[in-house]
Amino acid sequence: MKINQNYDNLVPNYLFADVARKTNEYIAAHPDKNVIRMGIGDVTLPLAPVVVDALKKGSDDLAAKETFKGYPDYEGYDFVRDAIAGYYKTFGVSVDPSEILVTDGAKGDSANLSEIFSTDSVVLVTDPVYPVYVDSNIMAGRKILYAASGEENGFCAMPDPAVHADLIYLCSPNNPTGAAYNYNQLKAWVDYANANDAVIIYDAAYEHFIADDSPRSIFAVEGARTCAIELCSLSKTAGFTGTRAGYTVIPKELVRDGKNIYDLWYRRLSTKYNGVSWPVQCAVAAVFSEEGLKQIDENINYYRRNAKVIADTFDRLGIWYTGGKNSPYIWIRCPGGMGSWEFFDYLLDNAQVVGTPGEGFGSCGKGFFRFTSFSSYENTVEAMKRIEALLTK
Ligand code: PLP
């Protein structure tokens, strides 16, 4: 027998392994140094109290015969879908609860959604890119095109009308660059997708960080209902990286090749998946309650304050960056024309600060570097103090 030969086409990505190896080697050689990690992509604050209460109450329900729950509905319980639709209303976007499917997170959804499209669909991703979009499509044997981004477009890649694509992955606010599309930029993508009979898979995992009038959802954009699927995650919104929950929104009018896309995704979910557990779905509904939204905002504001400390530092240093305002990520141009890994080594050796080399996210990331705001406030302040002292020496 043969394995799926497409796996041979995966390019090994050693980014985080190399970051960890170099950091650990440095720590082993310099046990007296205090190394600060400013590259972490995981959240560090605990779940909000209302969420913990809902998880506990949901678990208690499972302990009694009268309230026990078995297999959930594939698409999620109605009260959870209602809560998510209510959340969309808070930023002025109308989606029907029946268009929402509750899942275990956006990473799996972003990889699995492509299964409902033909393997000869042409995929378009932006560069730099969240690696899952690329690798999941390589595994399926699809052709992948890249839309370049850089300083010239503020790392907001735009469509090229001369290029045809069938499946388009957009992530805004973006991981890794922190850049967020404005309305007109997203409208250009929506128009491009409708003109090409394409579908946009829109990853809104960081929408809750948006602080200006950038769209929080692609469905804020006119025309998106006929060309877009939105996926979102509670990982960064509410600290669910370990708890696991997300959702997809698929408008009922999204049809391709004569087929309703919601129905296909439902078919796929119900075939390969048995839904999200009762305590976790209770926790999701708690996040989107009035009190829940207040409490998760406290955590988001903590990360925002860290992001501002980082952004202010690079403002003072006169270093170009994107992100920080609408995103937990700050993406800087490496100072002095240094390469991504060169800057990594320089920072580790001279300031004992660890970040993420941008070139690990694609060729357009060469010469760029990502910081995250998920560290503690104290460590963020200390790391930025060290970097400022080093770069003004
Ligand atoms: N999408 C993007 C753009 C991300 O950066 C991440 C996490 O880093 C995810 C999705 C993962 O989401 P989840 O934890 O819900 O699987």
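The values are calculated or read from the model by the stated rules, or taken from the named source; none is laboratory data. Predicted, not measured: the structure shown is a model, and the values here were computed from it. FYI the Cβ positions are ideal-geometry reconstructions off the backbone, even for glycines, and counts take in every protein chain you see.
Kindly provide the set of residues from the range 190-203 that are within 16 Å of the ligand (Cβ to nearest atom) and without any contact (Cβ under 8 Å) to a residue 40 or more places away in the chain, ordered by number.
Of everything in the range 190-203, those that are within 16 Å of the ligand (Cβ to nearest atom) and without any contact (Cβ under 8 Å) to a residue 40 or more places away in the chain turn out to be I200, Y202.
Being β-branched (V, I, T), surrounded by 11 or more Cβ atoms within 10 Å (Cβ to Cβ) and part of a loop (DSSP other than H, G, I, E, B), is that true of even one residue in the range 19-35? Before you say what the answer is, go through the steps one by one.
To start, the set of residues in the range 19-35 that are β-branched (V, I, T) comprises 19, 23, 27, 35.
Still in the running and surrounded by 11 or more Cβ atoms within 10 Å (Cβ to Cβ): 19, 23, 27, 35.
Those still in the list that are part of a loop (DSSP other than H, G, I, E, B) too: 35.
Yes; the residues of the range 19-35 include at least one that is β-branched (V, I, T), surrounded by 11 or more Cβ atoms within 10 Å (Cβ to Cβ) and part of a loop (DSSP other than H, G, I, E, B).
For residues that are farther than 14 Å from Y88 by Cβ and either in contact with a Cys (Cβ under 9 Å, 6 or more places away or on another chain) or within 10 Å of the ligand (Cβ to nearest atom) (or both), tally how many sit in the range 221-233.
1
Go through the range 21-72 and count every residue that is closer than 30 Å to R386 by Cα and within 16 Å of the ligand (Cβ to nearest atom).
At the first step, the residues of the range 21-72 found to be closer than 30 Å to R386 by Cα are 21-46.
Subset that is within 16 Å of the ligand (Cβ to nearest atom): 37-45.
Qualifying residue count for the region: 9.
Kindly provide the set of residues from the range 114-134 that are surrounded by fewer than 16 Cβ atoms within 10 Å (Cβ to Cβ) and charged (D, E, K, R), ordered by number.
Within the range 114-134, E115, D120 qualify.
Given the structure, is I332 more than 30 Å from P72 (Cβ to Cβ), among the β-branched types (V, I, T) and either in contact (Cβ under 8 Å) with a residue 12 or more places away in the chain or not in a helix (DSSP H, G or I) (or both)? Reasoning before the result, please.
On the way: more than 30 Å from P72 (Cβ to Cβ): yes; among the β-branched types (V, I, T): yes; either in contact (Cβ under 8 Å) with a residue 12 or more places away in the chain or not in a helix (DSSP H, G or I) (or both): yes.
So I332 passes the test.
Would you confirm whether or not the range 117-130 contains a residue that is within 11 Å of the ligand (Cβ to nearest atom) and on the phi < 0 side of the Ramachandran plot?
yes
Being within 17 Å of C227 (Cα to Cα) and of a type outside the set (A, V, I, L, M) is the filter; apply it to the range 93-108 and report the residue that is nearest to the ligand (Cβ to nearest atom).
Looking at the filtered set, the residue picked out is E99.
So, of the residues in the range 246-287 that are farther than 16 Å from N299 by Cβ, in contact (Cβ under 8 Å) with a residue 60 or more places away in the chain and small (G, A, S), which turns out to be farthest from the ligand (Cβ to nearest atom)?
Top of the filtered list is S270.
Got at least one residue in the range 75-87 being surrounded by 13 or more Cβ atoms within 10 Å (Cβ to Cβ), over 24 Å from the mean Cα position of the chain (by Cα), charged (D, E, K, R) and outside any strand (DSSP E or B)?
Looking through the range 75-87, none of the residues is surrounded by 13 or more Cβ atoms within 10 Å (Cβ to Cβ), over 24 Å from the mean Cα position of the chain (by Cα), charged (D, E, K, R) and outside any strand (DSSP E or B).
Select from the range 202-224 the residues that are acidic (D, E) and surrounded by 19 or more Cβ atoms within 10 Å (Cβ to Cβ) and write down the one among them that is nearest to D191 (Cα to Cα).
My answer is D203.
Could you check the range 349-369 and list, in sequence order, the residues that are under 12 Å from D18 (Cβ atoms) and either hydroxyl-bearing (S, T, Y) or surrounded by fewer than 24 Cβ atoms within 10 Å (Cβ to Cβ) (or both)?
Within the range 349-369, V354, T356, E359, G360 meet the criteria.
Hey, any hits in the range 161-168 for a residue that's away from the ligand (no atom under 12 Å from the Cβ) and acidic (D, E)?
yes
Listed here are the residues, each with its yes/no results for (1) within 15 Å of the ligand (Cβ to nearest atom); (2) modelled with pLDDT of 95 or more; (3) aliphatic (A, V, I, L, M); (4) touching a helix residue (DSSP H, G or I) at 6+ places or on another chain (Cβ under 6 Å).
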site	(1), (2), (3), (4)
A147	no, yes, yes, no
N182	no, yes, no, no
A205	yes, yes, yes, yes
I210	yes, yes, yes, no
F219	no, yes, no, no
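Taking the criterion of being in contact with a helix residue (DSSP H, G or I) (Cβ under 6 Å, 6 or more places away or on another chain), among the basic types (K, R) and part of a helix (DSSP H, G or I), would at least one residue in the range 58-73 satisfy it?
No, the conditions are met nowhere in the range 58-73.
Could you go through the range 354-374 and let me know if any residue there is free of Cβ contacts under 8 Å to residues at least 24 places away in the same chain and over 19 Å from Y302 (Cα atoms).
Within the range 354-374, one or more residues are free of Cβ contacts under 8 Å to residues at least 24 places away in the same chain and over 19 Å from Y302 (Cα atoms).
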